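The values are calculated or read from the model by the stated rules, or taken from the named source; none is laboratory data. Note that this is a predicted model, so its numbers are computed, not measured. Backbone-built Cβ (ideal geometry, glycine too); neighbour counts: all protein chains shown. Accessible surface areas use protein heavy atoms only, side chains included; no ligands, DNA or RNA. Shrake-Rupley method; radii C 1.70, N 1.55, O 1.52, S 1.80 Å.
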Amino acid sequence: MLRPRGIIAGMEARSVIRPVRAIDALSSAVHVGPILVRESRAFGGLCVCAWKTPWMEGFELPETDELILAYHRGGSHEVRALWGESLSRSRSTPGLLSLIPPGHRVAYHTGGEVSFTTVHISREALHEVLHLGTRESIHERFAFRDPFVASCIDSLLREARVSDRWSPRFVSAVTEALLLQLLRNSPAEPEVASVPSLETRIAAVRSRLDANLAGDLSVKALAAEVGLSRAHFARAFRQVVGDSPHRYVMRRRIERAKQLLTESHLALNEIAHEAGFCSQSHLTQIFRAHLGLTPQRYRRKV
């Protein structure tokens, strides 16, 4: 499970965590590279990137060795974050910021295309600023508003777009001001809401689909219900239930059809509808594949 951790804990585990650069982790997670990259040795190593993702359900970002500050520029208004077993309280919309400290993993449900700018700051540089601000850690934050931080990111992005204006002194000054502002307004605890465990949420999904086998039980719809990406939900469901969502739904529909065949006098087309099959022929096809006989023969046999 993903567990929110403080920066100091992440630093202590550095010897066993393979350092991962934020730009590499993000490129792998969203399956595209940034449309703009500018790196500098200033401030102990700094990277400014602009991104535009394709349409996607969501993505999972592994822990990196850098602080990632993301500025949501445009695209989907349905972005939500999952930290460990806690869902974000709100949805991110264009104009909002998110902060991921080093050594943290987070999954996002995007539900569309997203444009954003990121600033990546090394663990060492962050540690120095934390010391200046007499702080030991900085917590993850999602979908928050800070006009000063946003203006700092805009300044860094403008500087990055003009090759002969990439001044190390300017970049260092703006980045330090940005971090000190984040420290000043950083909450004492992570800004996440406590929610039921993943097992509890999966159990709730199972109860809902068992009661509504004829409804929309696609992986996309079920994943959205618990705030996970489709891939994350499918893995979690298999881990908890021991079967994929598709196979589980099909098995429950077959069981429901068998019950109706033996306990009711409904016509086959009505049973197909009640059990969630597309048609009577679909019901017959599935019965033959799984039971080796047609629904009518099953009814007579039982």
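Which residues, taken from region 225-245, are surrounded by fewer than 17 Cβ atoms within 10 Å (Cβ to Cβ) and more than 18 Å from Thr110 (Cα to Cα)? Can you show your working first?
Quick first cut of region 225-245, residues surrounded by fewer than 17 Cβ atoms within 10 Å (Cβ to Cβ) only: 225, 231, 235, 238-239, 241-244.
If the condition is that a residue be surrounded by fewer than 17 Cβ atoms within 10 Å (Cβ to Cβ) and more than 18 Å from Thr110 (Cα to Cα), then Arg238, Gln239, Val241, Gly242, Asp243, Ser244 are the ones that fit.
Every residue, every condition in (1) among the charged types (D, E, K, R); (2) open to solvent by 80 Å² or more (accessible area, probe 1.4 Å); (3) assigned to a helix (DSSP H, G or I), yes or no:
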{"residue": "Val205", "(1), (2), (3)": "no, no, yes"}
{"residue": "Asp210", "(1), (2), (3)": "yes, no, yes"}
{"residue": "Gly215", "(1), (2), (3)": "no, no, no"}
{"residue": "Ala223", "(1), (2), (3)": "no, no, yes"}
{"residue": "Arg247", "(1), (2), (3)": "yes, yes, yes"}
{"residue": "Leu283", "(1), (2), (3)": "no, no, yes"}
{"residue": "Ile286", "(1), (2), (3)": "no, no, yes"}
{"residue": "His290", "(1), (2), (3)": "no, yes, yes"}
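State which residue is modelled with the highest pLDDT when the search covers only region 47-72 and only residues that are closer than 21 Å to Leu179 by Cβ and of a type in the set (D, E, K, R).
Applying the filter and picking the extreme gives Glu66.
Name the residues in region 56-73 that are surrounded by fewer than 24 Cβ atoms within 10 Å (Cβ to Cβ), under 24 Å from Ala231 (Cβ atoms) and not aliphatic (A, V, I, L, M), would you?
Answer for region 56-73, where residues must be surrounded by fewer than 24 Cβ atoms within 10 Å (Cβ to Cβ), under 24 Å from Ala231 (Cβ atoms) and not aliphatic (A, V, I, L, M): Glu57, Phe59, Glu60, Pro62, Glu63, His72.
If you scan region 292-302, which residues turn out to be surrounded by 12 or more Cβ atoms within 10 Å (Cβ to Cβ) and either touching a strand residue (DSSP E or B) at 6+ places or on another chain (Cβ under 6 Å) or of a type in the set (Val, Ile, Thr) (or both)?
Across region 292-302, the qualifying residue is only Thr294.
Of everything in region 236-258, what is within 14 Å of Leu222 (Cβ to Cβ) and among the small types (Gly, Ala, Ser)? Give them in sequence order.
Ala236, Ser244 - these are the residues of region 236-258 that are within 14 Å of Leu222 (Cβ to Cβ) and among the small types (Gly, Ala, Ser).
Look through region 89-133, keep the residues that are free of Cβ contacts under 8 Å to residues at least 60 places away in the same chain and aliphatic (A, V, I, L, M), and return whichever of them is most open to solvent (accessible area, probe 1.4 Å).
Leu132
Quick check on my filter: what residues within region 74-88 are of a type in the set (Gly, Ala, Ser), open to solvent by 20 Å² or more (accessible area, probe 1.4 Å) and either farther than 22 Å from His232 by Cα or at pLDDT below 90 (or both)?
Restricting attention to region 74-88, the residues satisfying the condition of being of a type in the set (Gly, Ala, Ser) are 74-76, 81, 84, 86, 88.
Cutting the leftovers down to open to solvent by 20 Å² or more (accessible area, probe 1.4 Å) gives us 75, 86.
Scanning region 74-88 gives a single hit, Ser86.
List pairs: first residue in region 214-237 and closer than 17 Å to Met250 by Cβ, second residue part of a loop (DSSP other than H, G, I, E, B) and at pLDDT 80 or above anywhere in the structure, Cβ distance under 6 angstrom, at least six positions apart or on different chains.
What qualifies is Ala214/Gly276.
Going by the structure shown, is Arg165 at pLDDT 80 or above, open to solvent by 70 Å² or more (accessible area, probe 1.4 Å) and among the basic types (Lys, Arg)?
Details: at pLDDT 80 or above: no; open to solvent by 70 Å² or more (accessible area, probe 1.4 Å): yes; among the basic types (Lys, Arg): yes.
So Arg165 fails the test.
Can you list residue pairs whose Cβ atoms sit under 6 Å apart, with the first residue in region 261-277 being crowded, with 22+ Cβ neighbours inside 10 Å and the second being assigned to a helix (DSSP H, G or I) and of a type in the set (S, T, N, Q)? Count only pairs 6 or more apart in sequence or on different chains.
Ala272/Gln280
Quick one: would you say Ser155 is modelled with pLDDT of 90 or more and either touching a Ser or Thr at 6+ places or on another chain (Cβ under 9 Å) or over 21 Å from Arg91 (Cα atoms) (or both)?
Yes: the conditions hold for Ser155.
Consider region 285-302. How many of its residues are without any contact (Cβ under 8 Å) to a residue 12 or more places away in the chain and touching a helix residue (DSSP H, G or I) at 6+ places or on another chain (Cβ under 8 Å)? Spell out how you get there, then give the answer.
Applying the first criterion (without any contact (Cβ under 8 Å) to a residue 12 or more places away in the chain) to region 285-302 yields 285, 288-289, 292-294, 297, 300-301.
Next, only the ones that are touching a helix residue (DSSP H, G or I) at 6+ places or on another chain (Cβ under 8 Å) stay: 293-294.
Within region 285-302, residues that are without any contact (Cβ under 8 Å) to a residue 12 or more places away in the chain and touching a helix residue (DSSP H, G or I) at 6+ places or on another chain (Cβ under 8 Å) number 2.
Out of curiosity, is Arg253 closer than 19 Å to Arg208 by Cα and modelled with pLDDT of 85 or more?
Details: closer than 19 Å to Arg208 by Cα: yes; modelled with pLDDT of 85 or more: yes.
Criteria met by Arg253.
Within region 51-72, can you find the residues that are over 21 Å from Arg141 (Cβ atoms) and assigned to a strand (DSSP E or B)?
Within region 51-72, Lys52, Met56, Glu57 qualify.
Which condition breaks for Phe43 when tested against (1) surrounded by 21 or more Cβ atoms within 10 Å (Cβ to Cβ); (2) closer than 23 Å to Ala143 by Cα?
With respect to (1) surrounded by 21 or more Cβ atoms within 10 Å (Cβ to Cβ); (2) closer than 23 Å to Ala143 by Cα, Phe43 is out only on (2).
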